[in-house]
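Presented below is the structure to which this report refers.
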Amino acid sequence: MSFEPIQERIREAAGRGSALRIRGGGSKDFYGNAPRGELLDTRAHAGIVSYEPTELVLSARCGTSLLEIQEVLAEKSQLLPFEPPHFGPGATLGGCVAAGLSGPRRASAGAVRDFVLGAVILDGRGQRLAFGGQVMKNVAGYDVARLLAGSLGTLGVILEVSLKVLPRSPAEATLRLELPQAEALRKLNGWAGRPLPISASAWRGDELRLRLSGAESAIRAAVQAIGGETVAQEEAASYWTGVREQADAFFAGELPLWRLSVPSNAAPVELQGEQLLEWGGALRWLRSSADAGTVRAAAMRAGGHATLFRAPDKAAGAFTPLAPALARLHRGLKKAFDPAGILNPGRLYPEF
Amino acid sequence: MQRRVAGKLREFLPERSVLWQDEDTRPYECDGLTAYRRLPMVVALPETEAQVQQVLMACHAMGVPVVPRGAGTGLSGGALPPGDGVLLSLAKFMRVRRLDPAARLAIIEPGVRNAAISDVAAPFGLYYAPDPSSQIACSIGGNVAENSGGVHCLKYGLTVHNVLRVRGFTAAGEAIEFGSEALDAPGYDLLALAIGSEGLLAVVTEVTVKLLPRPETARVVMASFDKVEKAGDAVAAVIAAGIVPAGLEMMDRPATRAVEEFVHAGYDLEAAAILLCESDGSAAEVEEEVARMKEVLAAAGATRLAVSRDEAERLRFWSGRKAAFPAVGRISPDYYCMDGTIPKKRLAEVLNFIAAMEKKYRLRCPNVFHAGDGNLHPLILFDANDPEQLERTEAFAAEVLEKCIEVGGTITGEHGVGVEKIDQMCVQFSPAELEMFRAIKRAFDPQELLNPGKAVPTLARCVEFGRRHVRAGGLRHPGLPRF
Ligand SMILES: Cc1cc2nc3c(=O)[nH]c(=O)nc-3n(C[C@H](O)[C@H](O)[C@H](O)COP(=O)(O)OP(=O)(O)OC[C@H]3O[C@@H](n4cnc5c(N)ncnc54)[C@H](O)[C@@H]3O)c2cc1C
């Protein structure tokens, strides 16, 4: 389907000043502050526009299913390096980029924004605008395409995205080690300072799992250097999927789930509740009913910030409030892209 | 006016930090793009962040434009001074504030040279990955402003992938900080927006960079090809084989001939083009990968293959590539370096186009090329003392840039738009897109005082450019979608 119907909806809503809630597969409805406004479904605007394995670039429309993209890439032994979580079978590319969430490989490979090369959007006036492109290096104009990653649809309806993709590693192995948290953090940071092919890590309950991805010889050497017990391939694959998709037992139940993003070598963050660590220590998931102020203060002391990721009640705000100077820049940008304030209002911050 | 501004700055800056006499300001009249020169009204050389803030606040209050400057190696005129304003040099910000080997990061001042970061990190087995050829001279502040790349960015990324946080001030002197020592920060990714913004959104006074563990070893394969097309196909074949080389560079024969005389890198001067294909990692890994690279390159028709045997030889193979610009500077009075990026599959077509332009404009143009990521650096040789040659050079360059857009690429991969490519921005972007860039600028700098007139053209300028262009024969494919 062409983008004109979406454009029409935006123009019409902008005229009336009524909010639009942009939605792909709805797999991330839970993320951010509560969506509001009339539903704008992006799924009809779908399809891979171009894929050139030798250019390492894939371009697709927003409604394209993430699963489809991953299958097409897998046929050429390539992948999305940021290993995005789907959080449901219907996850679309547009939602993936708008949410800006990256998976287990993030610490070693980079985040969604690191692989966004270009984007076409409809802004809040319904103007079709293209930024970036389909080449690896491009510094013409401000890097709006990367800015869209994580903007939660508040700057525009993402129509099309071009991503850098990478070849799959020839070999993979997963190790399991018994380590208390402080010791695990120390080791993870030490390993990260050495040229080891660690592509994911997860610690919970004194157990650390490490995924290695690279050349056969590099994996063999790393297994030697790190030690621990090798996990069988199938068990390992389902473990990492469980972490990425939050299907692991840690994520079950009703307690609020917090996402603490801190420097990887920050000391263990002392808070009531259980934690699961990823990204070499830079991402700390917390299941806790502690109040938001306490969690945010602890994350800030550790040098980072805390997001109320999944919770029945997000009255405390999903995201850490911005410093006044940054809040002003955010409002300025929002006004530039969406002067009528109709695109996903409040989803990122209540004031816009 | 000059006296008023200099006097105002002298209220809080020491005498040595305010220059206004011609003989003192002359060294600042241009950056690496020497065809554009202008004397700044006043040069400010603050030494502390508080002074930077005071300069910005004072200029803001007086409505005086400010242009930040790092080392002045930029190739698009981004640091071209304002004739009616203050050139704000960050050259005195030379300290490494914190090197944290455990956290693998360094907090540095903007005037620190790119290569100096890796030097201080080296004792810990760490380095800063982006390595522009100008790395011994250019500053990290300039790298952030231009989103600079290097020969290793296919595998290790550009500046935007290797900077965690920047701190600085808006045009009004308000303190800002984008990014974090964590892997992300709440809200919009203002760090990504600031990187590559050519000094138009903020003045950067502190940069936190990511340090990477230095690979155990690296080797480079040098492959010769008797046709440029074959070298282009070989690049695609390497990628298709699932290899991401640490570096993948191409030079054509005119370029290898120019540098060989200068650095004696051992290049095959009979080859129509050579590729430098680097592998890094553990010794075993590199051995495995080099074997695969050789196989693929041979199958792609390489006429000669050489693998560096030791570190000295590896550096020698690279020396020619890294010295390509100065080497070309020796065979011609002047050269003009272009910086388009194209999809790799269109390489042969673009190189043939450049060859045709050499005939059309009667100027020579050797090519060096970040082949792995499609970033082309054709170097047009000319004599600036002959105004007519300069004119031909600029017309030549403009045609090449527009060709880059036509094949689905961009007018600048890493050198920035500056003043140089501002007209081509009108070709690459629609009026609505340019207006959005201006709106972003106003969100940061409502009075448009920071580096005005650079990077983003006004609509009036585009209209004027369009008129000139149509008279000169019309735009090719004006209706072509540019994405
Ligand atoms: C021989 C040669 C080889 C080169 N090779 C490469 C290469 O391989 N890759 C590549 O990417 N580039 C290359 N360049 C271009 C140039 O070196 C880079 O663009 C570099 O990043 C510029 O840094 P600088 O400190 O010299 O910045 P300057 O030239 O001083 O300034 C560049 C821009 O940054 C802004 N700026 C500088 N400091 C700050 C600050 N602290 N805050 C805000 N804005 C600031 C200026 O206003 C200006 O717009 C090369 C240049 C030369 C001369």
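Yes/no per residue for (1) within 14 Å of chain B (Cβ to nearest Cβ); (2) closer than 21 Å to A:LEU277 by Cα; (3) surrounded by 18 or more Cβ atoms within 10 Å (Cβ to Cβ):
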| residue | (1), (2), (3) |
| --- | --- |
| A:LEU185 | yes, yes, yes |
| A:ALA192 | yes, yes, yes |
| A:GLY205 | no, yes, no |
| A:LEU210 | no, yes, yes |
| A:ARG220 | yes, no, no |
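State yes or no: is B:ALA172 surrounded by 20 or more Cβ atoms within 10 Å (Cβ to Cβ) and either within 12 Å of the ligand (Cβ to nearest atom) or not assigned by TED's automatic domain parsing to the domain that holds B:ASP280 (or both)?
no
Just to be sure I understand, how many residues within region B:215-234 are within 14 Å of chain A (Cβ to nearest Cβ) and surrounded by fewer than 21 Cβ atoms within 10 Å (Cβ to Cβ)?
Of the residues in region B:215-234, 5 are within 14 Å of chain A (Cβ to nearest Cβ) and surrounded by fewer than 21 Cβ atoms within 10 Å (Cβ to Cβ).
Please identify the pairs in which a residue from region B:235-246 that is at the interface with chain A (Cβ under 7 Å from one of its Cβ atoms) has its Cβ atom under 6 Å from the Cβ atom of a residue that is assigned to a helix (DSSP H, G or I) and open to solvent by 30 Å² or more (accessible area, probe 1.4 Å), counting only partners at least 6 apart or on another chain.
Within 6 Å, the pairs are B:VAL244/B:LYS155.
When you go through A:ALA19, A:ALA60 one by one, which is the residue that is buried (at least 22 other Cβ atoms within 10 Å of the Cβ), assigned by TED's automatic domain parsing to the domain that holds A:ALA111 and in contact (Cβ under 8 Å) with a residue 40 or more places away in the chain?
Just one listed residue meets the conditions, A:ALA60.
How about region A:1-16: which of its residues are under 27 Å from A:GLY317 (Cβ atoms) and buried (at least 22 other Cβ atoms within 10 Å of the Cβ)?
A:ILE10 - this is the single residue of region A:1-16 that is under 27 Å from A:GLY317 (Cβ atoms) and buried (at least 22 other Cβ atoms within 10 Å of the Cβ).
Condition first: facing chain B (nearest Cβ under 8 Å) and surrounded by 20 or more Cβ atoms within 10 Å (Cβ to Cβ). Now tell me which residues in region A:331-342 satisfy that.
Matches in region A:331-342: A:LEU333, A:ALA336, A:PHE337.
Tell me, yes or no, whether region B:191-214 has at least one residue that is within 11 Å of the ligand (Cβ to nearest atom), open to solvent by 10 Å² or more (accessible area, probe 1.4 Å), among the aliphatic types (A, V, I, L, M) and within 12 Å of another protein chain (Cβ to nearest Cβ).
Taking every residue of region B:191-214 in turn, at least one turns out to be within 11 Å of the ligand (Cβ to nearest atom), open to solvent by 10 Å² or more (accessible area, probe 1.4 Å), among the aliphatic types (A, V, I, L, M) and within 12 Å of another protein chain (Cβ to nearest Cβ).
Could you tell me which residue of region B:286-331 is farthest from the other protein chains (Cβ to nearest Cβ), considering only residues that are among the charged types (D, E, K, R) and touching a strand residue (DSSP E or B) at 6+ places or on another chain (Cβ under 6 Å)?
Here the answer is B:ARG304.
How many residues, within region A:42-57, are crowded, with 17+ Cβ neighbours inside 10 Å and farther than 22 Å from B:GLY242 by Cα?
Number satisfying all stated conditions: 4.
Kindly indicate the residue of region A:113-129 that is surrounded by fewer than 23 Cβ atoms within 10 Å (Cβ to Cβ) and of a type in the set (Lys, Arg) and also nearest to A:PHE337 (Cα to Cα) among those meeting that condition.
Checking each candidate, the answer is A:ARG125.
Can you find even one residue in region B:282-302 that is surrounded by fewer than 23 Cβ atoms within 10 Å (Cβ to Cβ), among the charged types (D, E, K, R), under 17 Å from B:PHE317 (Cα atoms) and in contact with a Phe, Trp or Tyr (Cβ under 9 Å, 6 or more places away or on another chain)?
No, that holds for no residue.
Take region B:342-366 and flag every residue that is under 30 Å from A:TYR51 (Cα atoms), open to solvent by less than 10 Å² (accessible area, probe 1.4 Å) and more than 14 Å from chain A (Cβ to nearest Cβ).
The answer is B:ILE354, and nothing else.
Give me the pairs, please: first residue somewhere in region B:370-386 and more than 10 Å from chain A (Cβ to nearest Cβ), second residue anywhere and within 14 Å of the ligand (Cβ to nearest atom) and hydroxyl-bearing (Ser, Thr, Tyr), beta-carbon distance under 6 Å, and either six or more positions apart or on two chains.
Short answer, once both residue conditions are applied: B:LEU379/B:TYR335; B:ILE380/B:TYR336; B:LEU381/B:TYR335.
Name the residue, out of B:VAL151, B:VAL144, B:VAL52, B:VAL64, that is of a type in the set (Val, Ile, Thr), within 15 Å of the ligand (Cβ to nearest atom) and over 21 Å from the mean Cα position of the chain (by Cα).
Checking each option against the conditions leaves just B:VAL52.
Please give the helices (runs of 4 or more DSSP H) falling wholly within region B:275-364 in which 1 or more residues are in contact with an Asp or Glu (Cβ under 7 Å, 6 or more places away or on another chain).
Of the helices (runs of 4 or more DSSP H) lying wholly inside region B:275-364, those with at least 1 residues that are in contact with an Asp or Glu (Cβ under 7 Å, 6 or more places away or on another chain) span B:283-299, B:311-322, B:347-361.
Run B:GLU47 past the list (1) part of a loop (DSSP other than H, G, I, E, B); (2) closer than 28 Å to B:THR393 by Cα; (3) within 15 Å of the ligand (Cβ to nearest atom) and report the number of the one that doesn't hold.
(2)
With respect to the numbered conditions (1) of a type in the set (Gly, Ala, Ser); (2) closer than 19 Å to B:PHE325 by Cβ; (3) surrounded by fewer than 23 Cβ atoms within 10 Å (Cβ to Cβ), which one is the sole condition not fulfilled by B:ALA371?
It is condition (3) that B:ALA371 fails.
The values are calculated or read from the model by the stated rules, or taken from the named source; none is laboratory data. Keep in mind that this is a model prediction, so the values were computed, not measured. Every residue, glycine among them, receives a Cβ derived from its backbone with ideal geometry; neighbour counts consider all protein chains shown. When the accessible area is computed, the model is the full protein with side chains, heavy atoms only, and any ligands, DNA or RNA have been set aside. Shrake-Rupley method; radii C 1.70, N 1.55, O 1.52, S 1.80 Å.
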